[in-house]
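Every number in this text was worked out from the coordinates using simple rules, so none of it is lab data. Everything numeric in this text was worked out from a predicted model, so none of it was measured. Cβ placement follows ideal geometry from the backbone for every residue including glycine, while neighbour counts extend to all protein chains displayed.
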Amino acid sequence: MDSNKPFSKVSVILFLVIFCDKVCSYDTSRVKKHGDNAHEKFYDINSLLDSWQEACQSESGGIVSVPDGTFQLDPIEFEGPCKNQVTFQLDGTLQAPTGIINGDDWIKFHNIDGLIIQGSGTLDGQGASAWQDKCPSCPPLTTSLTLSSVTNAQVTGITSLNSKGYHIKVNKGGGTTIEHVTITAPEDSPNTDGIHTSEANNINILNSDIGTGDDCISIGEGTQNINITGINCGPGHGISIGSIGKNADDGSVSGVHVMSCTMTSTENGVRIKTWTSDCSATVSDVTFHDITIDQASNPIIIDQQYCGGSHECGEDPSHVQVSDVKFINVHGISKSEVAINLQCSSTMPCQGIELDTIDLSLDGGEQTTASCSNVNATYDGSQNPPPCSNSLYHRHL
Ligand SMILES: *[C@@H]1O[C@H](CO)[C@@H](O)[C@H](O)[C@H]1NC(C)=O
Ligand SMILES: *[C@@H]1O[C@H](CO)[C@@H](O)[C@H](O)[C@H]1NC(C)=O
């Protein structure tokens, strides 16, 4: 990729929209419900793919542009490699088909080096029509925006609304910056994680507002070197590492730096969760720094007895080694008395857990407590709640 060349030389603006009467077999029932039929438009997938091809094959870089307006779009995959950087300019709203749809991804970018996704537009996953039909134990529904084997990507400005499953997924690749995005889904929507990463490295997630029915950000297996800064999270399940250790080939997680984030009315604040299984992996070099908790049920939690919400966990303790995890300046209001809950593996106790300057109270100012098992912890600075009395190793600096 040559970033010195202006990517705007070839602008492929898509004017080709096909109106409802040409594609009524697509979804007439839905259109009628909307009452604004004259403005309902459908993107013709082939024309969108044609303009992608043109932009992707441009030596000097190209643009694919979605103008103002609301457009229906079937699942689509933008495939590289491309000759230079490609910009996907999203100014309008793209709507996914209603209901549960086949496939893991709605809008997927694959095998691209140098991608910019920007604009003030919205990806509307129309999740409400799908969540009601999801069976609770089934895997997450379709992801709205997937970057798969994409390197050097920037995602800026866009809104992701009501994804069916995850909102944004970064899988493989890296050098990804996601900033100034808004991600919204109701608190009770199933598995609508805001941003999920896996098998990817060198990721920045910055200055964004994320409120969903699951983790605001979930840092999955094989994620290395990720900075998360300036996130307003809530509602949702907080910022989580995991779950790790479900599958034998789960890659390890390291280099996680979460800074200056606020959790408002979340289930968890900052969390690490690993499965009870004999699959081994490691989670290491993790820092949660300057975290404000505004009503979270579990402000600080390590859960190594995770088994996907099912009540009967396996016999095996987790074989994921959690080490070198720092919680520095975590403060605010806990919704439950146990503000710090560190439940580590009996076969692989957590090593090098450091708690530095913690201040978590109940809403009325009452004292919170800490609960630990199999934890090797170090304490520094003031501690509210007081340190666990049963840490394996306990040093107050
Ligand atoms: C994360 O932040 C650290 C410290 O500011 C920096 O050294 C590192 O390069 C950043 N990582 C990424 C992926 O940008
Ligand atoms: C706890 O950590 C200290 C310092 O790293 C180490 O010396 C000690 O062996 C650890 N104890 C246990 C029980 O893991």
(request) Quote the charge dipole size of region 89-185 about the Cα centre in Debye, to the nearest 20; the model charges only the Cβ of Lys and Arg (+1) and of Asp and Glu (-1). (result) 200 debye
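For Ala248 and Asn46, FRET efficiency with R0 = 30 Å and r from the beta-carbon atoms, rounded to 0.05?
Details: r = 41 Å, r/R0 = 1.37.
Here the calculated transfer efficiency is 0.15.
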(request) Scan the chain and hand back the longest stretch that contains none of the GluC sites (Glu not before Pro) lying in DSSP loops with at most 16 other Cβ atoms within 10 Å. (result) 60-186
(message) Apply the Karplus curve 6.51 cos²θ - 1.76 cosθ + 1.60, θ = phi - 60°, to the phi angles in region 358-366 and return the couplings in whole Hz, x for Gly and Pro.
(response) 10, 9, 10, 10, 6, 4, x, x, 5
(request) Give me the number: length gained by fully extending Asp133 to Gln53, i.e. 0.36 nm times residue separation minus the C-alpha to C-alpha distance, one decimal in nm. (result) 25.2 nm
(request) Scan around Gly174 for amide H atoms under 5 Å from its own, H built in the peptide plane at 1.01 Å from N, and keep only partners 5 or more places away or cross-chain. (result) Val150, Thr151, Asn152, Asn201
(request) Give, rounded to the nearest 20 debye, the magnitude of the charge dipole that region 282-397 has about its Cα centre when Lys and Arg contribute +1 at Cβ and Asp and Glu contribute -1 at Cβ. (result) 180 debye
(request) Amide H neighbours of Gly251 under 5 Å, at least 5 residues apart or on other chains, H built in the peptide plane: list them. (result) Gly222
(message) Beyond 18 Å, how much of the Cα-Cα pair distribution for region 277-397 remains, as a whole percent?
(response) 51 percent
(message) Considering the Cα positions of region 276-323, please state its Rg to one decimal place and its Dmax as a whole number of Å.
(response) 13.5, 37
(request) Take the alpha carbon atoms of the chain, find their radius of gyration, then divide it by 2.2 N^0.38 Å using N residues; give the quotient. (result) 1.04
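Using only DSSP helix segments of four residues or longer, with each worth -39500 (n - 2.57), what per-residue ellipticity at 222 nm results for the chain after dividing by its residue count and rounding to 500?
Numbers: 3 runs with 28 residues, N = 397.
Helix-only estimate at 222 nm: -2000 deg cm²/dmol.
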(message) If I model region 159-297 as equal point scatterers sitting on the Cα atoms and use the Debye formula, what is log10 I(q)/I(0) at q = 0.10, 0.12, 0.17, 0.18 Å⁻¹?
(response) -0.28, -0.40, -0.84, -0.94
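Going by how many other Cβ atoms sit within 10 Å of their own, how do Trp275, Trp52 line up, fewest first? Working shown, then result.
Working: Trp275 26, Trp52 23.
Ordered from fewest to most neighbouring Cβ atoms within 10 Å, Trp275, Trp52 come out as Trp52, Trp275.
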(request) Compute the FRET efficiency between Thr347 and Ser284 as 1/(1 + (r/R0)^6), taking r as their Cβ-Cβ distance and R0 = 25 Å, and round to the nearest 0.05. (result) 0.90
